[in-house]
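Throughout, read-outs are computed from the coordinates displayed, never taken from laboratory work. Remember, it's a predicted structure, so these values are computed and weren't measured experimentally. In this analysis, Cβ positions are derived from the backbone assuming ideal geometry, glycine residues included, and neighbour counts consider all displayed protein chains.
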Amino acid sequence: MAKLNPYLNFDGTCEEAFLFYRSVFGGEFRGEIFKMKDIPDMEIPAGAENRVMHVALPVGDDLLMGSDTYPGQPFVVGNNNYISIFPESREEADRLFEALSEGGEVEMPMADQFWGDYFGSLKDCFGIQWMINYPSQDQ
């Protein structure tokens, strides 16, 4: 079975975003934060040397990965992506929701939903949309 890992693009704020995500989820980056200047035999435009080429943060059994766009590459914050997290407890759901929503926008506060789960959604301070879903114990 294939494993899905979300990959996020930023316009120069990838390192800041991933430092924030590491503070929320804990753990260490898998490998180092590779910068554009680390690409061998490639001329990087001035001012873009420290943009992130690739970063990966283990979150449970999955990886959250990201990079900055290459200078001149169009960047549009989309509204068609969410990262859905299934924490192991209501308490962890609340902790993640509170941390990720800091400086962002709450779309739907954490609450028991008609389908039986404890759920909330938000956009973080970097424009990334998240869903926190703690399944009911009946499932």
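Which net charge results for the neighbourhood of I83, defined as the other residues with beta-carbon distances under 14 angstrom from its beta-carbon, given Lys and Arg at +1 and Asp and Glu at -1? Result for the local shell: -2. Viscosity 1.306 mPa s, temperature 10 °C: give me the Stokes-Einstein translational D for the stretch 7-68 in µm²/s, with Rh taken as the Kirkwood radius over C-alpha pairs. Diffusion coefficient, whole number: 133 µm²/s.
Restriction of the chymotrypsin sites (Phe, Trp or Tyr not before Pro) in the stretch 98-139 to DSSP coil positions whose beta-carbon has at most 13 other beta-carbons within 10 angstrom yields F114, W115. Please determine, in degrees from 0 to 90 and to the nearest 10, the orientation of helix 14-25 with respect to the longest principal axis defined by the Cα atoms of the chain, where the helix direction is its Cα long axis. It is inclined by approximately 30 degrees. Subtracting the Cα-Cα distance of E107 and Q73 from their residue separation scaled by 0.36 nm leaves 9.3 nm. Each of L19 and D38 was given a label point 7 Å from its Cα along the Cα-to-Cβ line. The distance between the two points is 1.6 nm. Loop-located GluC sites (Glu not before Pro) in the stretch 1-31 (DSSP state other than H, G, I, E, B) with a sparse environment of at most 15 neighbouring Cβ atoms within 10 Å: E28.
Each 5 Å bin from 0 upward holds the following percent of the Cα-Cα pairs of the stretch 82-134: 5, 25, 35, 24, 9, 2.
Residues K37, K3, ranked from the fewest to the most other C-beta atoms within 10 Å, line up as K3, K37.
Under 37 °C and 0.692 mPa s, how fast does the chain diffuse according to Stokes-Einstein, given a Kirkwood radius computed over C-alpha pairs? Answer in µm²/s, whole number.
The calculation lands on 201 µm²/s.
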